[in-house]
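Please read the structure below before turning to the comments.
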């Protein structure tokens with residue numbers, strides 16, 4: 001018997017058990033907070049010298065001077081040329097598809113003119129400079145470089161600054177190759193809270209950016225939260241999750257492997273299957289038992305399934321849909337007949353994978369949509385990373401003389417209601433005397 | 001001589017003086033942090049009882065039971081009926097124009113199909129439930145109720161929960177009337193960090209929401225920052241600011257009053273005029289001298305102008321535009337000839353008011369665009385509040401069998417490059433055996 005919880009919506013304590021299963025609090029304990037505060041202050045005060053010190057201490061290699069922290073663009077291209085042809089081709093296909101999809105997300109300026117000639121609208125502009133955090137070590141994912149950098153590039157961001165820790169001074173060739181194909185304009189071999197600080201405040205060597213995106217460990221996440229407001233940030237990501245709704249007609253091996261693909265990320269990852277056919281849950285459990293011993297990352301998968309996984313029996317499709325909306329999963333697989341009709345009933349999910357052939361894994365790499373998605377139920381209020389995260393809007397208002405006269409009266413009325421008489425008088429100046437006084 | 005700084009871009013120390021003038025750090029000191037942490041924990045643990053306690057302590061009135069905290073919808077309508085007809089009309093005009101403009105911002109779902117039948121896109125949905133914080137006391141602005149609530153309503157948010165502190169139990173009739181016309185669905189007489197906590201965690205009486213918007217004091221801002229991630233929040237706002245670029249052809253009284261209209265908000269508000277005509281700066285200064293004694297809020301205006309205001313002489317229009325992009329102001333008035341051509345060169349601003357007749361004040365109330373705008377240079381990476389802040393996207397991916405086969409190979413290749421073999425095998429299952437093996 002696979003070591004994974006079995007829940008049924010009919011259980012008396014189902015709600016409580018589900019809540020327990022879903023509970024996740026990204027806790028930065030006081031120690032982490034303190035460490036991050038110290039690092040942020042050090043970089044703000046001592047700049048490059050602090051970066052050198054922390055690199056020695058945390059990454060275990062010794063740059064002689066600040067300029068040693070920069071990874072030249074030529075080195076990125078060298079990595080691109082040096083990786084095996086099949087990997088280069090796969091990265092190229094992925095980059096091209098991510099770019100094509102991103103093009104559809106581009107926001108455009110708009111405006112309209114009213115009868116009196118008053119113009120209203122919004123002007124859309126790209127951010128000037130964006131920082132991209134790429135984790136080092138075990139979670140060094142070239143796909144994340146593509147997913148974070150390409151939407152920024154499509155948005156028209158002129159400068160894309162990548163930071164990546166290089167423990168022991170080791171560079172990850174695939175990450176560098178991905179940075180090359182994704183259009184990174186500068187790259188630095190720094191990581192941790194000190195890299196976030198450098199991007200937020202700037203140093204002599206590292207340029208300050210307008211927004212920092214990309215995943216990282218608890219120190220990186222805590223630092224991003226701390227600098228939020230001075231710069232923009234993307235979401236603070238929790239562990240990755242998948243929720244699969246299956247009508248029982250998909251090969252149970254496929255479903256088991258889809259659950260594994262999420263669980264193999266790390267021990268906190270969450271894989272949940274909801275079906276309305278108890279016998280199918282048994283078949284998937286048998287597949288889990290048979291396939292798990294064949295997996296390279298068996299131990300991580302087993303832990304994640306045991307600690308945070310579940311096979312859930314629902315009464316019917318309607319109840320399964322309600323569960324999905326309650327969970328608001330990062331990834332939702334609709335492995336069932338007529339997935340488009342069901343998708344239209346999904347109110348909260350980061351990404352919806354429709355149909356038996358749409359493995360979440362293809363979305364992770366090369367389908368086109370972004371794999372940076374809201375986790376831990378935050379799909380209730382946030383969206384996948386996209387081009388729109390690298391653009392911003394300015395309101396446009398141009399009142400014609402007639403428009404200014406017409407708007408001046410209600411503006412003055414409301415301003416005086418709030419006790420703001422300079423506002424009122426500023427509006428009244430634009431109302432011709434013959435046009436009726438407010439007071 | 002008006003007590004306002006005179007700067008010139010030609011001064012040797014101009015850059016330093018401008019940086020000093022613009023410097024603003026929203027500082028939550030340890031004491032504030034500690035107080036907010038205590039309040040958040042108390043509401044999370046003791047729910048309604050904590051709300052009652054804090055209302056007695058901070059707002060100085062004693063609700064007998066939690067249900068006393070709710071302001072019935074009938075009370076909102078009563079306020080609407082009770083205010084003077086001119087105010088009702090002005091609120092109605094403003095609400096209608098804000099709504100008409102917001103309709104232009106609505107995001108729509110989109111998708112496209114590839115040659116092999118694979119479907120890609122994004123589904124857009126409104127948030128379910130939004131919390132709207134409205135400050136009490138001196139900063140109780142009915143216009144803010146309209147500006148925060150109407151975009152949510154246009155987005156299709158079903159539940160709009162307003163919280164507003166009522167010091168001494170006093171209700172602000174204009175705020176209630178604005179809540180009525182803006183479509184607020186529930187209202188509660190609570191404020192401070194405890195109101196933010198109630199909206200984030202929910203209590204027996206207050207429903208938990210998905211996002212909290214609206215301005216507040218340092219305790220409210222600190223609480224919003226703390227619950228960010230559990231719920232969405234809008235920006236943390238700093239003091240309000242205006243930057244005016246003027247070619248010297250606008251009536252100097254108008255410009256002086258526009259500077260006042262920003263400065264009257266509070267002592268930290270910032271009003272800066274940039275012109276490339278020293279004589280015009282003199283004329284505006286004379287207007288300031290003459291008009292300031294006539295202002296109801298003279299003391300606030302004088303302090304703000306002295307502490308944070310400036311009249312800046314630039315070399316020419318080009319330099320003025322560069323200054324605007326460096327400052328990234330919340331409000332930018334282009335009081336000059338051909339403002340549309342200049343607006344197109346503005347990369348960073350919350351809202352751009354074009355032409356001599358477009359006083360910022362009309363934008364604050366009733367032109368249509370939102371008055372909730374990025375402050376303190378955050379227009380570099382963020383946007384005015386809009387309908388899009390109350391909608392979110394889910395990625396849509398439906399691979400056809402051919403699409404799954406075609407995408408399976410690069411996905412598998414990249415997954416194996418990252419050591420994620422469950423991802424690889426999950427994708428490979430969807431590649432028919434005859435279709436070429438990856439390994």
Do we find a residue being within 27 Å of the chain's Cα centre (by Cα), modelled with pLDDT of 95 or more and assigned by TED's automatic domain parsing to the domain that holds residue A:360 anywhere in the stretch A:279-295?
no
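Given B:415, B:337, B:411, B:405, which one is part of a helix (DSSP H, G or I) and either surrounded by fewer than 24 Cβ atoms within 10 Å (Cβ to Cβ) or more than 7 Å from chain A (Cβ to nearest Cβ) (or both)?
Details: B:415 fails: either surrounded by fewer than 24 Cβ atoms within 10 Å (Cβ to Cβ) or more than 7 Å from chain A (Cβ to nearest Cβ) (or both); B:337 fails: part of a helix (DSSP H, G or I); B:411 fails: either surrounded by fewer than 24 Cβ atoms within 10 Å (Cβ to Cβ) or more than 7 Å from chain A (Cβ to nearest Cβ) (or both).
B:405 is the lone residue from the list that is part of a helix (DSSP H, G or I) and either surrounded by fewer than 24 Cβ atoms within 10 Å (Cβ to Cβ) or more than 7 Å from chain A (Cβ to nearest Cβ) (or both).
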Going through the stretch A:12-32 one residue at a time, which ones are within 25 Å of the chain's Cα centre (by Cα) and surrounded by fewer than 15 Cβ atoms within 10 Å (Cβ to Cβ)?
A:19, A:20, A:23, A:25, A:27, A:29
Of the residues A:70, A:89, which is surrounded by fewer than 20 Cβ atoms within 10 Å (Cβ to Cβ), more than 30 Å from residue B:369 (Cβ to Cβ) and touching a helix residue (DSSP H, G or I) at 6+ places or on another chain (Cβ under 9 Å)?
A:89
Got at least one residue in the stretch A:99-113 being assigned to a helix (DSSP H, G or I), under 26 Å from the mean Cα position of the chain (by Cα), surrounded by 22 or more Cβ atoms within 10 Å (Cβ to Cβ) and at pLDDT 95 or above?
yes
Meets criteria (within 26 Å of residue A:69 (Cβ to Cβ) and surrounded by fewer than 18 Cβ atoms within 10 Å (Cβ to Cβ)) for residue A:293:
no
Can you tell me which of (1) within 7 Å of chain A (Cβ to nearest Cβ); (2) over 13 Å from residue B:331 (Cβ atoms); (3) within 11 Å of the chain's Cα centre (by Cα) is the one residue B:398 doesn't meet?
(3)
Residue A:91 being touching a residue at least 60 places away in the same chain (Cβ under 8 Å) and away from chain B (no Cβ under 12 Å)
no
Out of B:38, B:9, which single residue is surrounded by 10 or more Cβ atoms within 10 Å (Cβ to Cβ), modelled with pLDDT of 95 or more and in the same structural domain as residue B:329 (by TED's automatic domain parsing)?
B:9
Elements of type helices (runs of 4 or more DSSP H) contained in the stretch B:137-226, each with 3 or more residues being farther than 27 Å from residue A:420 by Cα and touching a strand residue (DSSP E or B) at 6+ places or on another chain (Cβ under 8 Å)
B:192-201
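Output the number of residues of the stretch B:235-248 satisfying the condition of being surrounded by 19 or more Cβ atoms within 10 Å (Cβ to Cβ) and modelled with pLDDT of 90 or more.
Filtering the stretch B:235-248 for residues surrounded by 19 or more Cβ atoms within 10 Å (Cβ to Cβ) gives B:235-238, B:240-247.
From what is left, the residues that are modelled with pLDDT of 90 or more are B:240-247.
Number satisfying all stated conditions: 8.
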Applying the selection to the stretch A:268-282, what residues are more than 12 Å from every other protein chain (Cβ to nearest Cβ) and crowded, with 17+ Cβ neighbours inside 10 Å?
A:270, A:272, A:273, A:274, A:275, A:276, A:280, A:281
Looking at (1) within 7 Å of chain B (Cβ to nearest Cβ); (2) surrounded by 24 or more Cβ atoms within 10 Å (Cβ to Cβ); (3) closer than 22 Å to residue A:102 by Cα; (4) modelled with pLDDT of 95 or more, find the lone condition where residue A:382 falls short.
(2)
Being away from chain A (no Cβ under 13 Å), surrounded by fewer than 20 Cβ atoms within 10 Å (Cβ to Cβ) and out of contact with any helix residue (DSSP H, G or I) (no Cβ under 6 Å at 6 or more places or on another chain) is the requirement here; does residue B:251 meet it?
no
What about residue A:373, is it more than 7 Å from every other protein chain (Cβ to nearest Cβ), free of Cβ contacts under 8 Å to residues at least 60 places away in the same chain, under 17 Å from the mean Cα position of the chain (by Cα) and not in a helix (DSSP H, G or I)?
yes
When the residues of the stretch B:215-226 are filtered to those that are within 12 Å of another protein chain (Cβ to nearest Cβ) and surrounded by 21 or more Cβ atoms within 10 Å (Cβ to Cβ), which remaining residue is farthest from the chain's Cα centre (by Cα)?
B:226
The listed residue being under 20 Å from the mean Cα position of the chain (by Cα), outside any loop (DSSP other than H, G, I, E, B) and more than 8 Å from chain B (Cβ to nearest Cβ), out of A:389, A:364, A:318
A:389
Say whether the condition of being closer than 30 Å to residue B:51 by Cβ and touching a strand residue (DSSP E or B) at 6+ places or on another chain (Cβ under 8 Å) is met by at least one residue in the stretch B:84-99.
no
Is the stretch A:254-273 home to any residue that is outside any helix (DSSP H, G or I) and within 18 Å of residue A:321 (Cβ to Cβ)?
yes
I want to confirm something. Restricting to the stretch B:227-248 and keeping residues that are over 21 Å from residue B:304 (Cβ atoms) and in contact with a strand residue (DSSP E or B) (Cβ under 6 Å, 6 or more places away or on another chain), which single residue is farthest from the other protein chains (Cβ to nearest Cβ)?
B:248
Name every residue in the stretch B:350-361 that is assigned to a loop (DSSP other than H, G, I, E, B), in contact (Cβ under 8 Å) with a residue 24 or more places away in the chain and facing another protein chain (nearest Cβ under 7 Å), in order of residue number.
B:350, B:358, B:359
Please enumerate the residues belonging to the stretch A:115-136 that are in a loop (DSSP other than H, G, I, E, B), touching a strand residue (DSSP E or B) at 6+ places or on another chain (Cβ under 8 Å) and either surrounded by fewer than 17 Cβ atoms within 10 Å (Cβ to Cβ) or more than 9 Å from chain B (Cβ to nearest Cβ) (or both).
A:134
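The values are calculated or read from the model by the stated rules, or taken from the named source; none is laboratory data. Because the structure is a prediction, the values reported are computed rather than measured. A quick note on method: Cβ atoms are made from the backbone with ideal geometry, for glycine too, and the neighbour counts reach across all protein chains shown.
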